[in-house]
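Working notes, beginning with the structure itself.
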Ligand code: SF4
Ligand code: FES
C-alpha cells in the first residue's frame, strides 16, 4: 500500500492503482468519457483532469498511476476551469444543437456539461460552423423558392 493525499485527505491505496481508481475508492467522482473500466485506458478525452502537486500540467487521472506521497487536487478552480474548457471544445465538434440529436437526454457528454454548469458554447468547431452556414443559407432563400419553379435559380434568390 502507498500513502497519498486526495483533496487534503490522507489515504492508503494499492500500488499500481491509477489516480482515478484511488479517487473512486475515496468516494470522489471524477467525470470521464473515454475511460472504460477493465479496458486499457487511452487518456484521449482529458475530461478527467486533476492537479498533482509538483507537476506543471494537469494530468488525465485515468492513465496516471499513483505514487507514494502524491498530493492530488480533484476539484479546485484550476481543475474545474480546465475540465470546462475540455468539455466545451468537445461540444464544439458536435452539431451545436442537442435538441435535434438522437442522443438528447441520454448523453454522457451532455450530462457532464450540465454538471459543469455549461450553458452556452464559447467555441465554434467545424460542425457548429457548418450547421450555422446551412441555417444562414436557408434563411436567405425566399420561402417560395423551389428548384423547379420558373426562373428559380440559386443566383435569383439564394
Ligand atoms: S446530445 Fe450529446 S451527442 Fe448529441 S449534440 Fe448534444 S452533446 Fe452531442
Ligand atoms: S476519461 Fe478520457 S482521458 Fe481520462
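Scan the stretch 76-96 for residues that are exposed (fewer than 14 other Cβ atoms within 10 Å of the Cβ) and in contact with a strand residue (DSSP E or B) (Cβ under 9 Å, 6 or more places away or on another chain) and jot them down.
Result: 76, 78.
Tell me which of these residue 36 doesn't satisfy, since it passes every other one: (1) over 19 Å from residue 4 (Cα atoms); (2) touching a strand residue (DSSP E or B) at 6+ places or on another chain (Cβ under 9 Å).
(2)
Name the residue, out of 28, 39, 4, that is touching a residue at least 40 places away in the same chain (Cβ under 8 Å), surrounded by fewer than 18 Cβ atoms within 10 Å (Cβ to Cβ) and either farther than 21 Å from residue 116 by Cα or not assigned by TED's automatic domain parsing to the domain that holds residue 112 (or both).
28
Among the residues of the stretch 69-97, which ones are closer than 11 Å to residue 113 by Cβ and within 16 Å of ligand 2 (Cβ to nearest atom)?
Once the filter is applied, which keeps residues that are closer than 11 Å to residue 113 by Cβ and within 16 Å of ligand 2 (Cβ to nearest atom), the stretch 69-97 yields 83, 84, 86, 87, 88, 90, 91.
Looking at this structure, is residue 130 at pLDDT below 80 and not assigned by TED's automatic domain parsing to the domain that holds residue 11? Full working, then the answer.
Working: at pLDDT below 80: yes; not assigned by TED's automatic domain parsing to the domain that holds residue 11: yes.
Considered against the rule, which asks whether it is at pLDDT below 80 and not assigned by TED's automatic domain parsing to the domain that holds residue 11, residue 130 comes out as yes.
The values are calculated or read from the model by the stated rules, or taken from the named source; none is laboratory data. As the structure is a computational prediction, the values presented were derived from the model and not from experiment. Reconstructed Cβ throughout: ideal geometry from the backbone, glycine too, with neighbour counts over all protein chains shown.
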